[in-house]
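As structure tokens, the structure follows; a few thoughts come after it.
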Amino acid sequence: MSCSGTLSILRSDSYAELSQYRDQHFRGTRYDQERLLRKSCTLYVGNLSFYTTEEQIHELFGKSGDIKKVIMGLDKVKKTACGFCFVEYYARGDAENAMRYINGTRLDDRIIRTDWDAGFKEGRQYGRGRSGGQVRDEYRQDYDAGRGGYGKTVQCQ
Amino acid sequence: MSRRRHSDDSDAGQPHKRRRTSEPSEIEERLESLICRVGEKSNSSLESNLEGLAGVLEADLPNYKSKILRILCTVARLLPEKLTVYTTLVGLLNARNYNFGGEFVEAMIRQLKECLKVNMYNEAVHLVRFLSDLVNCHVIAAPSMVAMFENFVSVTQEEDVPQVRCDWYMFAFLSSLPWVGKELYEKKDAEMDRLLSQTESYLKRRQKIHVPMLQVWTADKPHPQEEYLDCLWFQIQKLKKDRWQERHILRPYLAFDSVLCEALQHNLPPFTPPPHTEDSVYPMPRVIFRMFDYTDDPEGPVMPGSHSVERFVIEENLHCIIKSHWKERKTCAAQLLSYPGNNKIPLNYHIVELAQATEMLYMRLDTMNTTCVDRFINWFSHHLSNFQFRWSWEDWSDCLTQDLEKPKPKFVREVLEKCMRLSYHQRIIDIVPASFSVLSPANPVCIYKYGDESNRSLPGYTVALCLTIAIKNKASNDEIFSILKDVPNPNQDDDDGEGFTFNPLKIEVFVQTLLHLAAKSFSHSFSALAKFHEVFKTLAESDEGKLHVLRVVYEVWKNHPQMIAVLVDKMIRTQIVDCAAVANWIFSSELAHDFTRFYIWEILHSTIRKMNKHVLKIHKELEETKARLARQHKRRDSDDDDDDDDRSTDREDGPLEEQIERLQEKVESAQSEQKNLFLVIFQRFIMLLTEHLVRCETGGIDVFTPWYKSCIERLQQIFLQHHQIIQQYMVTLENLLFTAELDHHILAVFQQFCALQA
């Protein structure tokens with residue numbers, strides 16, 4: 001009787017699974033995208049404060065392994081931080097641990113969210129909202145001091 | 001709970017995998033799910049669930065016997081925290097179907113032998129315990145279990161085997177006794193007494209040189225840290241004195257006694273422990289870490305004493321829960337908190353009562369092992385960053401009156417530095433009381449020596465200005481070289497025409513200026529390193545050059561240890577400096593002031609890990625290429641019937657064989673570099689420690705300063721953290737570095753390490 005088998009309840013790894021989100025701007029099929037997501041070493045990190053620095057991100061995400069690169073998300077117009085970033089690890093296992101233990105915890109007193117990313121491509125560091133920041137900050141109704149105050153639509157009222 | 005894949009119908013024509021569920025595998029999943037779930041929260045009692053499941057499985061035996069056997073063996077191995085639930089289940093099945101019980105026992109023995117063969121010792125212990133609890137369920141006859149344990153204990157009589165081998169067999173025997181001691185003693189008391197007496201004499205004669213290296217604290221108060229086998233032996237002795245009455249373990253089989261005692265038992269086949277081989281790797285010894293005792297939760301249920309067997313059982317089970325569910329933090333937490341019997345024990349203290357734990361750990365910092373202090377710093381600062389850095393710092397104001405190198409103020413400084421890294425400088429100034437400002441971290445700003453007009457008399461000042469303008473104007477590497485040509489070499493009278501020999505001033509001017517210009521962020525600095533890689537490589541070609549680059553990096557960024565760490569990492573990865581240079585730099589006199597700071601050791605261990613990963617990577621490449629060649633041969637052999645063309649086979653093999661040869665050389669060279677790195681590190685430790693010891697001896701002062709404690713524990717840390725690699729160098733270390741002439745303080749560390757796997 002071999003001693004290498006396992007049990008599916010022990011295989012459960014829900015924190016490291018793919019989410020429902022798929023990047024609509026991705027060039028390629030859904031299948032391609034999911035294939036890349038499943039072997040990716042890159043995480044998208046969201047709900048950052050505009051003031052959170054690369055150094056802070058490096059310190060927190062460095063806890064799950066060696067970081068290859070941090071790419072800060074920028075406002076397309078102002079070229080300033082707009083509250084998201086990409087973290088690329090050398091090893092997928094380190095990225096998985098970040099999904100298991102850093103996702104949903106705090107950075108700069110904010111609960112941050114991580115998700116798998118198919119891989120950085122030039123241009124993806126910019127927000128896709130009409131005003132230059134992230135889409136979520138276009139329509140946001142609440143006041144968020146770390147993300148420029150009210151959402152853009154509200155501000156223009 | 002089955003995992004649903006994201007199936008998407010909108011994409012045409014791609015090989016999307018759809019799950020084809022055939023009946024048999026569906027049933028197997030259902031069986032596995034039923035078996036794994038039993039014992040979890042349910043509306044019915046555990047007994048009725050077990051009864052029901054036994055009925056279902058009995059009915060499925062004719063068609064799914066081998067699957068059921070496999071699943072039960074796997075849960076025995078992987079779900080030890082539910083051991084008695086599954087032994088009861090097996091007991092019920094055996095009562096209904098004697099043959100199945102026999103086949104299960106045989107399968108378990110096969111699995112046990114297999115585990116021992118492949119060094120899966122932790123899982124083997126679970127199997128042994130399972131078998132022993134099967135005695136309680138009337139599946140296995142007590143005398144045959146005693147016979148197995150007799151064979152285990154007789155391993156201690158084997159000659160020329162590592163102590164850790166004997167330790168394991170002893171541990172497997174002793175750690176099963178909380179479950180089955182009573183039953184075995186009732187049936188075979190004379191044999192058990194003999195076994196226990198043999199145990200006692202083994203434990204008395206085994207060596208314990210390794211223990212000091214593994215202890216968390218250097219003091220024995222308030223809780224002694226015992227070696228794990230010693231602790232277990234005390235617990236078993238007490239259990240025996242209590243007439244084997246064990247009250248903590250959940251024993252569902254008691255409710256089925258009337259059914260089970262009707263069952264026929266099986267005899268375990270005689271079990272010969274597989275012999276020791278070259279490839280055997282046994283578990284390392286441990287020291288039991290205790291922080292709380294019965295005085296710590298006066299209002300709740302009493303915590304079992306440290307020598308009570310209940311303590312052992314609870315700690316084992318909690319460890320198993322964490323090991324099973326580490327990937328699912330919510331599940332793990334829920335399982336820990338819903339531990340069966342949690343109302344009878346102060347569960348929170350067993351898991352850990354956070355604020356009290358922090359306070360206790362802080363109070364005992366003076367005697368805490370440096371590596372453990374590291375972990376405490378990392379954990380506590382990370383914890384604070386999730387709770388708005390709120391802490392009652394005044395409670396720790398006792399550290400303010402102490403020398404800054406003492407453990408408590410040092411701990412607070414390092415914590416504040418880490419907290420700053422997770423936030424920003426002003427935040428830390430704001431959260432600590434004014435009295436703590438002496439422990440606050442420095443503002444992480446860059447120090448540029450050519451920055452001020454007042455420095456214009458410094459050699460290289462004008463070149464620095466020139467460089468600054470050139471870089472801002474997007475100069476190329478060649479332009480930088482030509483600017484640097486004008487820098488005189490303070491070391492040599494003549495350098496060759498190109499001026500590319502080691503010139504510390506050139507390095508200083510270039511590196512200072514570039515890092516200053518790129519100071520804005522990590523990304524800026526990394527871009528700078530990449531853009532001017534050629535210049536770096538040339539300036540740092542020699543060993544002295546590499547060392548000097550590191551020195552200048554430190555001079556510029558000594559206020560920002562995090563920046564130093566990422567720059568060193570990048571420079572190693574882009575081969576501007578090598579690992580040995582970093583090691584030499586860390587032990588250099590320029591860094592003596594920071595030698596006991598945490599960030600230095602993070603850098604060193606990160607460097608060692610990079611070296612190790614590099615060796616593994618090339619090795620993997622070599623193995624993969626060899627496999628490709630083997631496959632190529634196989635393909636050729638299989639379809640090569642008539643063609644005996646030697647030339648074509650050589651041509652095909654050629655490139656791969658060449659590649660293998662090249663990779664072989666690469667592996668050897670990398671392994672040699674790796675060994676050299678460790679030798680350099682050990683050598684420098686020996687030099688540094690010897691210097692200190694000699695100075696103390698001649699000056700008549702006490703050796704045991706805070707610096708010395710830190711340094712000797714850092715040496716231990718190198719051994720423990722990289723023990724697998726270092727094991728390869730034991731002969732060299734013994735003959736070259738850790739010789740008998742060495743001061744006994746230093747030699748002791750090496751001897752303790754040798755004792756770990758002896």
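Would you please give the residues with an amide H less than 5 Å from that of B:ILE140, counting only those at least 5 places away or on a separate chain, with H modeled from the backbone geometry?
B:VAL135, B:HIS266
Within the stretch B:375-398, find all residues whose amide N lies under 16 Å from a label point positioned 7 Å from the Cα of B:ALA219 along Cα-to-beta-carbon.
Under cut-off, by backbone N: B:398.
The stretch B:385-467: which chymotrypsin sites (Phe, Trp or Tyr not before Pro) are DSSP loop and have at most 13 other beta-carbon atoms within 10 angstrom?
The qualifying sites are B:PHE387.
Choose one of B:TYR708, B:PRO222, B:ILE27: the residue whose Cα lies farthest towards the positive end of the charge dipole of the protein assembly as shown (beta-carbon charges +1 Lys, Arg; -1 Asp, Glu; about the Cα centre).
B:ILE27
Mind pulling the angle between the C-alpha long axis of helix B:228-241 and the longest principal axis of chain B? Nearest 10 degrees, somewhere in 0 to 90.
Roughly 30 degrees, rounded to the nearest 10.
With every protein chain kept in place and ligands, DNA and RNA left out, what is the accessible area per residue of the stretch B:62-104? Probe 1.4 Å, answer in Å².
Accessible area per residue, the stretch B:62-104: 29 Å².
Between A:SER14 and A:ARG38, what length comes free when the chain is fully extended (0.36 nm per residue of separation minus the Cα-Cα distance, one decimal in nm)?
In short, 7.3 nm is gained.
How much accessible area per residue does the stretch B:135-283 have, counting only protein heavy atoms and a probe of 1.4 Å, in square angstrom?
46
Report the local net charge at B:HIS548: Lys and Arg +1, Asp and Glu -1, summed over other residues whose C-beta lies under 13 Å from its C-beta.
Residues close to B:HIS548 contribute a combined charge of -3.
Select from the stretch A:57-90 all residues whose loss of accessible area on going from the chain by itself to the full protein assembly reaches 50 Å² or more (probe 1.4 Å).
A:HIS58, A:GLU59, A:LYS63, A:ASP66, A:TYR90
What is the sum of charges, Lys and Arg at +1 and Asp and Glu at -1, for the other residues whose Cβ falls under 10 Å from the Cβ of A:VAL70?
-1
Amide H to amide H under 5 Å from A:LEU74: which residues, 5+ apart in sequence or cross-chain, H placed 1.01 Å off N in plane?
When sequence neighbours closer than 5 places are left aside, the close amide H contacts are A:CYS82, A:TYR126, A:GLY127.
Sticking with the crude label model, points 7 Å out along Cα→Cβ, report the distance from B:PHE387 to B:ALA255 in nm, one decimal please.
Result for the modelled spin labels: 3.9 nm.
If each DSSP helix of 4+ residues adds -39,500 (n - 2.57) and the sum is divided by the residues in chain B, what number results at 222 nm, nearest 500 deg cm²/dmol?
Dividing the helical sum by the residues of chain B leaves -20000 deg cm²/dmol.
Evaluate the charge dipole of chain B about its Cα centre and quote only its size in Debye, nearest 20, assuming +1 on the Cβ of each Lys and Arg and -1 on the Cβ of each Asp and Glu.
Taking the Cα centre of chain B as origin, the dipole is about 2300 debye.
Can you give me the angle between helix B:177-187 and the longest principal axis of chain B, using Cα atoms only, in degrees from 0 to 90, rounded to the nearest 10?
Orientation of helix B:177-187: about 30 degrees from the principal axis.
If you take the Cα atoms of the protein assembly as shown, find Rg, then find the Kirkwood Rh from the mean of 1/r over all pairs, what is Rg/Rh?
Ratio value, two decimals: 0.99.
Nearest 100 Å² is fine: how much accessible area is buried between B and A, summed over both sides, with a 1.4 Å probe?
Separately minus together, B and A give about 4400 Å² buried.
Could you tell me the center-to-center distance, by alpha carbons, between the stretch B:545-569 and the stretch B:18-92 in angstrom?
For the stretch B:545-569 versus the stretch B:18-92, the Cα centre distance is 59 Å.
Roughly how big is the stretch B:590-632's charge dipole about its Cα centre, with Cβ charges of +1 (Lys, Arg) and -1 (Asp, Glu), in debye to the nearest 20?
About 380 debye.
If we count every other residue with Cβ under 13 angstrom of B:THR367's Cβ, Lys/Arg +1 and Asp/Glu -1, where does the sum land?
Taking every Cβ under 13 Å from that of B:THR367, the sum is +2.
By how many degrees, 0 to 90 and rounded to 10, does the Cα axis of helix B:163-174 deviate from the longest principal axis of chain B?
40
What FRET efficiency, computed as 1/(1 + (r/R0)^6) with R0 = 22 Å and r the Cβ-Cβ distance, is obtained for A:LYS76 and A:ARG22, rounded to the nearest 0.05?
0.55
Ignoring any ligand, DNA or RNA, what whole percent of the accessible area of chain B comes from carbon and sulfur when the probe is 1.4 angstrom?
Its accessible area is 50 percent carbon and sulfur atoms.
At what distance in angstrom do the alpha carbon centres of the stretch A:1-61 and the stretch B:136-174 lie from each other?
46
Sequence gap at least 6, Cα distance under 8 Å: using those rules, report the relative contact order of the stretch B:25-171 to the nearest whole percent.
The value is 19 percent.
Might you report the magnitude of the Cβ-based charge dipole of the stretch B:696-758 about its Cα centre, with Lys and Arg at +1 and Asp and Glu at -1, to the nearest 20 debye?
That gives the stretch B:696-758 a dipole magnitude of about 240 debye.
What are the ³J(HN,Hα) couplings of the stretch B:403-411, residue after residue, when phi is run through the Karplus curve with 6.51, -1.76, 1.60 and θ = phi - 60°? Round to Hz, x for glycine and proline.
Per-residue couplings from phi come out as 4, 4, 8, 5, x, 5, x, 4, 4 Hz.
Picking from B:ILE377, B:ILE429, B:VAL281, whose Cα lies most toward the positive end of the charge dipole for chain B (charges on Cβ: Lys, Arg +1; Asp, Glu -1)?
B:ILE429
So for the pair B:HIS744, B:LEU264, with labels modelled 7 Å out along Cα→Cβ, what separation do we get in nm?
6.6
Taking 0.36 nm per intervening residue step and subtracting the Cα-Cα distance, what contour gain separates B:ASP398 from B:THR295 on full extension?
So the chain would gain 34.6 nm between B:ASP398 and B:THR295.
Which of the DSSP-defined H helices in chain A satisfy a minimum axial length of 30 Å, computed from C-alpha atoms, and a minimum mean Kyte-Doolittle hydropathy of 0.5?
Helices meeting the criterion: none.
Any idea how far the Cα center of the stretch B:684-756 sits from the one of the stretch B:277-340, in Å?
The stretch B:684-756 and the stretch B:277-340 have Cα centres separated by 33 Å.
The values are calculated or read from the model by the stated rules, or taken from the named source; none is laboratory data. Since the model is a prediction, treat every value here as computed from it, not as a measurement. Because the Cβ atoms are built from the backbone with ideal geometry, glycine has one as well, and the counts that use them run over all protein chains shown. Surface accessibility is based on the protein's heavy atoms, side chains included, excluding ligands, DNA and RNA. Shrake-Rupley method; radii C 1.70, N 1.55, O 1.52, S 1.80 Å.
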